[in-house]
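The values are calculated or read from the model by the stated rules, or taken from the named source; none is laboratory data. Small disclaimer: the values here were computed from a predicted structure and weren't measured. A quick note on method: Cβ atoms are made from the backbone with ideal geometry, for glycine too, and the neighbour counts reach across all protein chains shown. Heavy atoms of the whole protein, side chains included, go into the accessibility calculation; ligands, DNA and RNA do not. Shrake-Rupley method; radii C 1.70, N 1.55, O 1.52, S 1.80 Å.
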Amino acid sequence: MTAIDVCEAIAGRIAVLWPERILYRDFCPADHKRPSGYLYITEVGFTDLNAGLVQWRAEMELELFCATDAYDISSTEELRQDQDRVLRAFPSTLAVGDRVIPLSAKGDGMEQGSAYVKFSASWVEPRPVDPFSGGTGGGGNPGSPGQEPPMMEHFEVNTKEPDRHRR
């Protein structure tokens, strides 16, 4: 699963809210249609959990544009309602493919003609393989990018019980 998959799942849920509206992604033209939205990824990365797993974190932002009148003035009340509708559509989890991941959505303010919703998602995946090492491991620190986790057959376990009669 990637941040793009998460972004597409969010976009799918927004499209259900307003099937008649355009949802721009990756690029929003200056002369965009209204009402509409613009969904984009603002940050993505991972942190180590252990030798074989990482936790991915992705941040996305949705900019909502409401309709304007003949004088190009938008209604802040409509923007608040649209923002509230999005927040209610994203309780605390999101189905992405065959998985369900935690997702938070929060209103992130407004400005003239726009309202924002910020999404934060996280999920656990196997460590990405370093494309430059070919995934062979090849030296370095165990658990570093490009290193495959050691197989269980490489571990020794001492099962001798301590001598309890010794003082």
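A few notes on this one:
- Residue 77 under 28 Å from residue 130 (Cβ atoms), of a type in the set (D, E, K, R) and in a helix (DSSP H, G or I): no
- The selection criterion, being modelled with pLDDT of 65 or more and touching a Phe, Trp or Tyr at 6+ places or on another chain (Cβ under 9 Å), does not hold for residue 133.
- Filtered residues of segment 23-45 (kept if open to solvent by less than 70 Å² (accessible area, probe 1.4 Å), over 19 Å from residue 56 (Cβ atoms) and in contact with a Phe, Trp or Tyr (Cβ under 9 Å, 6 or more places away or on another chain)): 23, 24, 28, 32, 35, 36, 37, 38
- Check on residue 100, open to solvent by less than 50 Å² (accessible area, probe 1.4 Å) and either touching a helix residue (DSSP H, G or I) at 6+ places or on another chain (Cβ under 8 Å) or at pLDDT 90 or above (or both): no
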